[in-house]
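Trainee: Starting off with a structure, shown below.
The values are calculated or read from the model by the stated rules, or taken from the named source; none is laboratory data. Just so it is clear, the structure is predicted and the values come from calculations on it, not from any experiment. Positions of Cβ are backbone-derived with ideal geometry, glycine not excepted, and every protein chain shown enters the neighbour counts.
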Amino acid sequence: MAGSPAFSRRSVLQLGGGVALLLATGCAAGSKPQGANAPSGTAPAAASSLRIAVSSYLSSWDQDFVGFDLTALMLYKNVYPYLIDYGVTDVNGAQILDTTNITPTFAESFTPSADQKVWTLKLRKGVKFASGNEMKAADVKWSKDRAFAAQANVAGVYRVIGLTEPDQVKVVDDYTVEFTQAFPSALTPQIQAISLYVFDSVEAKKHATDADPWAKEWFAKNPPTGGYFNVEKATQGQEIVLAANAGYPGPDPAKTPTIRVSVVPAASNQRLQLQNGDIDIALGVSKRDVADLKKVPGVKVISAPSNQQVTLQMSVTTAPFDDVNVRKALAYAVPYEQIIANIYGGDARPAKSPVPLDMPGYDERGYPYTYDLAKAKAALAAAGKPSVASELVFEADNEEQQQLAVLVQSEARKAGIELTLAPLDPATLAERRQKRSVPLQITSGQLWVNDVEYMLATSLVKGANLNYSNYSNPEIEKIYEESHTTVEAAARGELWAKAQDILAADVPWVVVCQPNFNLPVRENVAGWVQPMDGLARLRFLG
């Protein structure tokens, strides 16, 4: 999670800001995938080590204050003790994290009161940090007090569920903590799944000072302990060695004893090392490299369903897209099937709603637009404009977005929509987004919280940081406000159906597709579970 209220849709989104890593991993080259050729009645042997290449070293070990550091965000999920996490489910034959199933890990249970305003967290007894200190309720309380003092990551997302003050987190006994929210929220389980990480407060207090009461300086330089893995060794700028935590008390303990995370900045070097079998997973290769690596002996590409969305956001307050008929014209002018076939090689799913596939409440009536130039021209005629023009903004260093922009430009021209391509560097793009001065832009990303309320909060209500469309509809605002305290699934489903009907009529976005997650690995890699929050759980790999 990031430390500022800024948002980015380039990768993974979250309230309070932030980008999280779309990451995959596997077992070491030369080992057998789980279940392969194992004798009947015996469990397959786990790989002794796993080698992963990343593009950069993490900027700090302090999760409360780090933002926009892709390597750090993934590592945090594995080395900090998270008290609850998502279960696993099957989608189209692939394993993905199940955001509807919150599972205790280091905690024994996390349960709500009848009115769902008070949530009680019970810790497992005897769980220890690497220091030998037992994990207790006081550690949870200290960790959340620190988060509120930081007013960054956790404090930012806690506001969504009515947690704004340290007094709302109360120690009941050594192993029990109560969270009292200002209102009930259906988002609580998911918000807590990304927020309930714990510091070793006994160790931390040894390094606190009057000038630094929360030991920020010490935590920035010293890895946390007690997660699914402990940091066995960290060499600045070079390598991080993770050792499976033998004391982890929850389900699905780590299958691979040792994971070596090496810094390999150049994508070409990562590709070469993967081809040669020097690493098992390359996290920094390009999309073109991924396509080429499919043909390399000893290498395979893992593909799994993802909730990453590719969209074209149209500013509804800027000409020509301030006219809904022009927005509909563009929606009909985009060649969806051709994009999936030519740009994604068929490895993407068509989407029929601004609500992502696999998100509870998804309804195909949310986006009734298909490629149809006749309808595109008719919509433009209904606007009283035989032709319109606009710039189409995209990331200058993004080959995929460039290909998409060229294809959309070609087809839109046939309908009377002339688009001037405008690749922008990250700084300029961020500045223009902040000023809300982009009439049409390509966006790509996924949400940390798999819920429509969260999606509206980030992207489709007035003032939302990711609302690049400048979209505002009183009915959507009302639905969003009502959703805050609506916890029944059926009632929320009715709200989301109404919202998608409205969005289908207003069409602030062109919903292009949802690309599958792809990662090149050595051929014997197994155990990958696709993270719906974008943060890989390395313990599944073996």
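Trainee: Taking the range 181-222 as the region of interest, how many residues are closer than 19 Å to PHE148 by Cα, small (Gly, Ala, Ser) and outside any helix (DSSP H, G or I)?
Mentor: Matching residues across the range 181-222 total 5.
Trainee: Continuing with the same structure: Which residues, taken from the range 474-487, are without any contact (Cβ under 8 Å) to a residue 40 or more places away in the chain and surrounded by fewer than 17 Cβ atoms within 10 Å (Cβ to Cβ)?
Mentor: Once the filter is applied, which keeps residues that are without any contact (Cβ under 8 Å) to a residue 40 or more places away in the chain and surrounded by fewer than 17 Cβ atoms within 10 Å (Cβ to Cβ), the range 474-487 yields PRO474, GLU475, GLU477, LYS478, GLU481, GLU482.
Trainee: I need the full set of residues from the range 430-471 which are over 15 Å from THR311 (Cβ atoms) and either in the same structural domain as GLY534 (by TED's automatic domain parsing) or in a loop (DSSP other than H, G, I, E, B) (or both), in order please.
Mentor: ARG436, SER437, TRP448, VAL449, ASN450, ASP451, VAL461, LYS462, GLY463, ASN465
Trainee: Next question. Kindly indicate which of THR256, THR225 is farther than 30 Å from THR120 by Cβ and either outside the structural domain of PHE129 (by TED's automatic domain parsing) or in a loop (DSSP other than H, G, I, E, B) (or both).
Mentor: Residue meeting the stated conditions: THR256.
Trainee: To continue, here is another question. Tally time: how many residues in the range 298-355 are in a helix (DSSP H, G or I), among the hydroxyl-bearing types (Ser, Thr, Tyr) and over 16 Å from ILE442 (Cα atoms)?
Mentor: Looking only at that region, the number is 1.
Trainee: Going through the range 280-290 one residue at a time, which ones are in a helix (DSSP H, G or I) and surrounded by 15 or more Cβ atoms within 10 Å (Cβ to Cβ)?
Mentor: If the condition is that a residue be in a helix (DSSP H, G or I) and surrounded by 15 or more Cβ atoms within 10 Å (Cβ to Cβ), then LYS287, ASP289, VAL290 are the ones that fit.
Trainee: Another one. Within the range 44-51, identify whether any single residue is more than 23 Å from the chain's Cα centre (by Cα), of a type outside the set (A, V, I, L, M) and modelled with pLDDT under 65, and answer yes or no.
Mentor: Scanning the range 44-51, I find at least one residue that is more than 23 Å from the chain's Cα centre (by Cα), of a type outside the set (A, V, I, L, M) and modelled with pLDDT under 65, so the answer is yes.
Trainee: Same structure, new question: Of the conditions (1) among the aliphatic types (A, V, I, L, M); (2) touching a helix residue (DSSP H, G or I) at 6+ places or on another chain (Cβ under 7 Å); (3) modelled with pLDDT of 90 or more, VAL66 fails just one. Which one is it?
Mentor: (3)
Trainee: For the range 164-181, how many residues are touching a residue at least 24 places away in the same chain (Cβ under 8 Å) and either closer than 23 Å to ARG492 by Cβ or of a type in the set (Ser, Thr, Tyr) (or both)?
Mentor: So the count comes out to 5.
Trainee: Can you pull out the residues in the range 361-384 that are buried (at least 21 other Cβ atoms within 10 Å of the Cβ) and among the basic types (Lys, Arg)?
Mentor: Passing the criteria: none in range.
Trainee: Among the listed residues VAL154, VAL241, which satisfies the condition of being over 15 Å from PHE129 (Cβ atoms), buried (at least 17 other Cβ atoms within 10 Å of the Cβ), out of contact with any Pro (no Cβ under 8 Å at 6 or more places or on another chain) and without any contact (Cβ under 8 Å) to a residue 24 or more places away in the chain?
Mentor: Answer to the check: VAL241.
Trainee: Another question, then. Does the range 100-107 contain any residue that is modelled with pLDDT under 85 and surrounded by fewer than 18 Cβ atoms within 10 Å (Cβ to Cβ)?
Mentor: The answer is no, given that none of the residues of the range 100-107 is modelled with pLDDT under 85 and surrounded by fewer than 18 Cβ atoms within 10 Å (Cβ to Cβ).
Trainee: Let me ask you something else. Just checking, does the range 265-279 include any residue being part of a helix (DSSP H, G or I) and among the hydroxyl-bearing types (Ser, Thr, Tyr)?
Mentor: Scanning the range 265-279 turns up at least one residue that is part of a helix (DSSP H, G or I) and among the hydroxyl-bearing types (Ser, Thr, Tyr).
Trainee: Anything in the range 105-137 that is over 16 Å from GLU178 (Cβ atoms) and in contact (Cβ under 8 Å) with a residue 24 or more places away in the chain? List them, or say none.
Mentor: Once the filter is applied, which keeps residues that are over 16 Å from GLU178 (Cβ atoms) and in contact (Cβ under 8 Å) with a residue 24 or more places away in the chain, the range 105-137 yields THR105, PHE106, ARG124, LYS125, GLY126, VAL127, LYS128, PHE129, ALA130, SER131, ASN133, MET135.
Trainee: Then there's this: Within the range 115-166, can you find the residues that are under 26 Å from the mean Cα position of the chain (by Cα), under 24 Å from PRO251 (Cβ atoms) and of a type in the set (Ser, Thr, Tyr)?
Mentor: SER143
Trainee: List the number of the failed condition for VAL177; all other conditions in (1) surrounded by fewer than 16 Cβ atoms within 10 Å (Cβ to Cβ); (2) in a strand (DSSP E or B); (3) among the aliphatic types (A, V, I, L, M) hold.
Mentor: Of the numbered conditions (1) surrounded by fewer than 16 Cβ atoms within 10 Å (Cβ to Cβ); (2) in a strand (DSSP E or B); (3) among the aliphatic types (A, V, I, L, M), the odd one out for VAL177 is (1).
Trainee: Also, quick follow-up: Residues of the range 171-187 being out of contact with any Lys or Arg (no Cβ under 7 Å at 6 or more places or on another chain) and under 23 Å from SER201 (Cβ atoms), which ones?
Mentor: Result: VAL172, ASP173, PHE179.
Trainee: OK, next. Would you pick out the residues in the range 482-521 that are at pLDDT 95 or above and over 17 Å from GLY361 (Cα atoms)?
Mentor: Residues satisfying the conditions are ALA505, ASP506, VAL507, PRO508, TRP509, VAL510, VAL512, CYS513.
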